[in-house]
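The values are calculated or read from the model by the stated rules, or taken from the named source; none is laboratory data. Source: prediction; values computed, not measured. Cβ atoms come from the backbone with ideal geometry, glycine included; neighbour counts cover every protein chain shown.
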Amino acid sequence: MEVIRQMVERTNAHDLEGMAALIHEDYQSEQPFHPARGFGGRAQMKANWGAILTGVPDLRAEVPASVQDGDVVWSEWHWWGTTEQGEPFDLRAITQFTVREGLVVRGRLFAELVEQGGADINDSVQAQSGHRPQLQD
């Protein structure tokens, strides 16, 4: 879990080179909720985070919980700040990182921007299933 601690520190320091140094050159990233967002390579990771750090100049990160099983680390992430346009940025994620020899070689990210407002649970279940939940006494 040392690599996670270092990633948080380097993210909060806006140390893009330091962040990239934790990622294997042939890193593979998946986003199962958004398959088209998958990519390969440290260069793309660095480009992505360069854009984020520029677009959210006060970005902060925390990992409230993390667990390791062999070379796989599961973590709960929270990134927040304010965009250059003055809009709030609030992203939550569960990540599954495979770490070998101190480098992240694979990432699976289950991430979403936090929705302020939006559908409640009844509306959400109805949109997913076509049926509105009916409470039973």
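Can you name every residue in region 6-29 that is in a loop (DSSP other than H, G, I, E, B) and of a type outside the set (D, E, K, R)?
13, 14, 21, 22
Can you tell me how many residues within region 97-125 are in a strand (DSSP E or B), out of contact with any strand residue (DSSP E or B) (no Cβ under 7 Å at 6 or more places or on another chain) and among the polar types (S, T, N, Q)?
So the count comes out to 0.
Here's the yes/no breakdown for (1) within 23 Å of residue 115 (Cβ to Cβ); (2) out of contact with any helix residue (DSSP H, G or I) (no Cβ under 8 Å at 6 or more places or on another chain); (3) assigned to a strand (DSSP E or B):
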residue	(1), (2), (3)
45	no, no, no
54	no, yes, no
58	yes, yes, no
65	yes, yes, yes
73	no, no, yes
84	yes, no, no
95	yes, yes, yes
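Here is a yes/no grid of residues against (1) within 13 Å of residue 2 (Cα to Cα); (2) loosely packed, with under 15 Cβ neighbours inside 10 Å:
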{"position": "58", "(1), (2)": "no, yes"}
{"position": "62", "(1), (2)": "no, yes"}
{"position": "67", "(1), (2)": "yes, yes"}
{"position": "80", "(1), (2)": "no, no"}
{"position": "94", "(1), (2)": "no, yes"}
{"position": "102", "(1), (2)": "yes, yes"}
{"position": "117", "(1), (2)": "no, yes"}
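So if I check each of 47, 13, 36, 21, which one is modelled with pLDDT of 95 or more and either of a type in the set (Lys, Arg) or more than 25 Å from residue 57 (Cα to Cα) (or both)?
After applying the criteria, what remains is 36.
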